[in-house]
Structure formats: structure tokens, C-alpha cells
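Here is the structure we will look at, set down as C-alpha cells.
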Amino acid sequence: MQNQEKLIERPEYIKKLNQWKNQDDLVKIVTGVRRCGKSKLFVLFQKELLKDESIKKEQIININLEDLVTTRKIGLEYNNKNILVGYEKLLDFILEKLVENKENYVFIDEIQLLENWQNVANALRLQSNVDVYLTGSNAYMFSGDLANSFGGRYIEIKIQPFSFLEFFNALPKELKTEPLQEIYLRYIKESGFPQTLKFNSDMELINDYLVNTVYLNTVQKDIIQRYNIANTNKLDSVIRYMFDNIGNETSLRNVEKGLKSSGYSVSVPTIDLYLKGLLDSYLLYKCEQYDIKGKKILNTNAKYYVADVGLRNVILNNSDRDFGHILENVVFLELIRRGYKVNVGKCYNTEVDFVATKNNTVEYYQVSLNVLNNDSTLERELFSLEKLKNNYPKFLLTTDAGEGENNGIKRLNVFEWLLGRKPWFLNSKI
């Protein structure tokens, strides 16, 4: 008998799916970069559904459009753009499997591979006993008339590669006893893509997987094929530039100048197009500047962060560089993961690394590698937060051990914060 694959629990995402369960008029769409665990999340959720004794296996219909055997069985075929056609056949296939007078749960993986997929989703949504769940690996699947065709009746659940907490929980017991800083270094080196945990820290296998299965697969399918890019060297130069400049203020002109200094001539419109592809494929995230005093988004240079720093480091082959921006990147992703909208804060000619807003509440974050061994660094990091004359929570996240407080600004150990451990604040000043 074949051993079942051991799956890593992802309770935060399961909680989100449970919140929308049985709301049949809403299509649930799980999005994220390729290989971040969307399909496995569906497996976990299906196991969760079957804990309910009233739900039988026959009520769960699971289809992966990347599975050639499945698509051939349904009768779907690829057109000259490498897109599956024949959505009516998929719809008929599903309708035949529905259990009458019972709630049915339909899961379709990589739905963007099917031409006119929204017709299938919408038809199923209108059934009184069908709960629809989809996955997609690029944001442009939301373009066009999708919102109109659904009447706005869909919910997007964004998923990322493993967080530091998920990575920590997935480690063998003997590795969890290592100092948190060592585990963090392992995390940013080996990446948060779930599959890499199976390679037992074999960096040759990890690097091969990240480059070929994640990176090249994503770039080829979500950018090169989409835009019919012939000169992939220019695209590669843009990607490497953006990966190398995470956390730096960036404009299209800056990218153009930076590439030209490295011997690449890429026009601003082309850079803009490639950036859109990187953002839509979830390889990059954009963090816009926010005027804290004026309470508005600024139309100025933005910062960009990569979906996974381990992937970035493999592509750039410089995992031992730029630890400050790498830590900043990890914190940015964690705030996004926790449901915050995140911007770079500007106020009185100073910058706050992150303004995080959620449910009409605001939190401010500064991120620094170390502050306790350098008074000027501590003063600089505190200064930006001290200039904010409001009562919203303010945090300084560092790799320094311990925690403290100064003028209402809470200094936390970033590894403990990433693990979600509640701090016990000291009465003394920093």
C-alpha cells in the first residue's frame, strides 16, 4: 500500500476557507505564485470537510487542469496558444457528477488554463447545491469582464509560500532546538516553497527545484507566453534588477538607467510591461508610498518585494548579501499574510518602513537588523516613529535579543514576532 503524503497544516488559510464555506452564491478563488501550495491547501480543506459525517466523498469533485489524463478524459484540448478549450465539456462533466439533494463541493485547480473558465464558474455558482472553489496562478485572470460576469460574487483568498512560522512548524523536532536566528537563516536560504522541505537541506536539489520548477516555469507560462516575448535576455535583466533592488525606491526611469549601466537597453514601456507580468504572476509585490499626514497614496517611486527571498537568493546567487532588505522583505510578506494593507510611510521628510492598515486600525513598523550595539542606529530608527504624533501602535523589529519600550514605541525581537509569540514588555527603557 502506498504511503499517504504527509501534509503540512495551514490553519490560517483553512480558517479563511471555512469562513466562506456553503456560501454558494460566492465563488472562492485561491490565488498565489506557482508551487506555493494552493493544490495541497485544497487537499487539506477536503479532509476538513470529510470530518463532517454528513459530507461523503461523492459530494467532493476535484479537478486539476494541469493533469493531462484528467483533461483528456473530460475531452478538453489545447489551442495554438496552449490554452484549454471546450469549457462546455468541463461543465457537463461536473454536472453529471453532482449528487442530487446534497451540497456538492467543486474544486478546480489552475482554472486560468481554461478558455472562458468564468462561464463554468458562473454556471456552477448559480446552482443551489454547489459550492465552488478555484485556484489561479496569475492576477490577470481577474481582468476583463470577470467582475461583471460574476456580478461581483467572488472572494479572493491570497496564499503565499510558507511563512517563517509555517516553516518552523514543518521542521523535524531536532532542528527546532536550534537558535531562532539559525532557523531564520535556513529559511531565507532554503525558501518557503513547501516542496523544498522534502529535500532535507540538499541545496543542489533545492536550487534546481527553485530555478526550474518555480522560476522558469512561472516566467515561461505567465510572462513569456502571455506577452509573446522573443528576447528573453531583456526580461531576465529586468527580473534580476528588481530582485536585486528589493526595498529600494524604484521608478521605471531608475530601472532603465540601472539596466543601461549594466549594458542592457530596455525601453520604459517594455520595463512597465515586464513589471506588470511579474506582479500579475505574484513573483513581485508593489508597496506604494503613503503620505501619513495627508492620508493619501503618493504618485511617486514605489518599493518592490519578492514573493520568496530564498527564490531571489538562488536567482541572484548572492544569498549572503543585503540582509537588511531581506529582513524587510520577510516582514512585508508577513504583514500581507496577516491581512494588512501595507505602504511605505512618508511624514515630515522622514520614512516609516511600513504603514499597516486593517479594519480601520493603523500600525507603524520600522525594521532594522541591529540597534542595541549602535546608539546612532537606535536613534535613527526611533526618530521616524517619534515624529508621528498619534496614538497608533508603533513597533521597532530587530534581530536583537529581548524586547523593550521607549516613548510608547515597542522594540520586539523579529523572530519572536514572526512566530506570533506574544511579547512581555519590560518596564525599563530601551
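The residues of the range 284-312 that are outside any strand (DSSP E or B) and modelled with pLDDT of 95 or more, listed by number, are E288, A307, D308, V309, G310, L311, R312. A single entry from V362, V355 fulfils the requirement of being part of a strand (DSSP E or B), under 27 Å from R312 (Cα atoms) and not acidic (D, E): V355. All told, K303 falls short of being closer than 27 Å to V352 by Cα and surrounded by fewer than 12 Cβ atoms within 10 Å (Cβ to Cβ).
Yes/no per residue for (1) polar (S, T, N, Q); (2) exposed (fewer than 15 other Cβ atoms within 10 Å of the Cβ); (3) out of contact with any helix residue (DSSP H, G or I) (no Cβ under 7 Å at 6 or more places or on another chain):
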residue: A170; (1), (2), (3): no, no, no
residue: R186; (1), (2), (3): no, no, yes
residue: S191; (1), (2), (3): yes, no, no
residue: D208; (1), (2), (3): no, yes, yes
residue: T218; (1), (2), (3): yes, no, yes
residue: I229; (1), (2), (3): no, no, no
residue: D244; (1), (2), (3): no, no, no
residue: R253; (1), (2), (3): no, yes, no
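At pLDDT 95 or above and either of a type in the set (A, V, I, L, M) or outside the structural domain of L114 (by TED's automatic domain parsing) (or both), is that true of L7? It is false that L7 is at pLDDT 95 or above and either of a type in the set (A, V, I, L, M) or outside the structural domain of L114 (by TED's automatic domain parsing) (or both). Scanning the range 172-181 finds one or more residues that are modelled with pLDDT of 95 or more, assigned to a helix (DSSP H, G or I) and surrounded by fewer than 18 Cβ atoms within 10 Å (Cβ to Cβ). Taking the listed residues L235, L134, the one that is outside the structural domain of V266 (by TED's automatic domain parsing), buried (at least 18 other Cβ atoms within 10 Å of the Cβ) and either in contact with a Phe, Trp or Tyr (Cβ under 9 Å, 6 or more places away or on another chain) or not in a loop (DSSP other than H, G, I, E, B) (or both) is L134, with no other qualifying.
Candidates in the range 393-427 are the residues that are assigned to a strand (DSSP E or B) and β-branched (V, I, T); of these, the one that is surrounded by the fewest Cβ atoms within 10 Å (Cβ to Cβ) is I409. For the range 261-268, state whether one or more residues are surrounded by 15 or more Cβ atoms within 10 Å (Cβ to Cβ) and more than 29 Å from G345 (Cα to Cα). So far as the range 261-268 goes, yes, one or more of its residues are surrounded by 15 or more Cβ atoms within 10 Å (Cβ to Cβ) and more than 29 Å from G345 (Cα to Cα). Take the range 318-337 and flag every residue that is charged (D, E, K, R) and at pLDDT below 95. Hits for the range 318-337 are D320, R321, D322.
Yes or no: the range 381-392 includes at least one residue that is crowded, with 17+ Cβ neighbours inside 10 Å, under 15 Å from the mean Cα position of the chain (by Cα) and not in a loop (DSSP other than H, G, I, E, B). Steps first, answer last, please.
Step one: filter the range 381-392 for residues crowded, with 17+ Cβ neighbours inside 10 Å, giving 381-382, 384-385, 388.
Add one more test, that the residue is under 15 Å from the mean Cα position of the chain (by Cα), and what stays is none.
Scanning the range 381-392 turns up no residue that is crowded, with 17+ Cβ neighbours inside 10 Å, under 15 Å from the mean Cα position of the chain (by Cα) and not in a loop (DSSP other than H, G, I, E, B).
The values are calculated or read from the model by the stated rules, or taken from the named source; none is laboratory data. Just so it is clear, the model here is predicted, and its values are computed rather than measured. Here the Cβ is made from the backbone with ideal geometry for all residues, glycine too, and neighbour counts use every protein chain on show.
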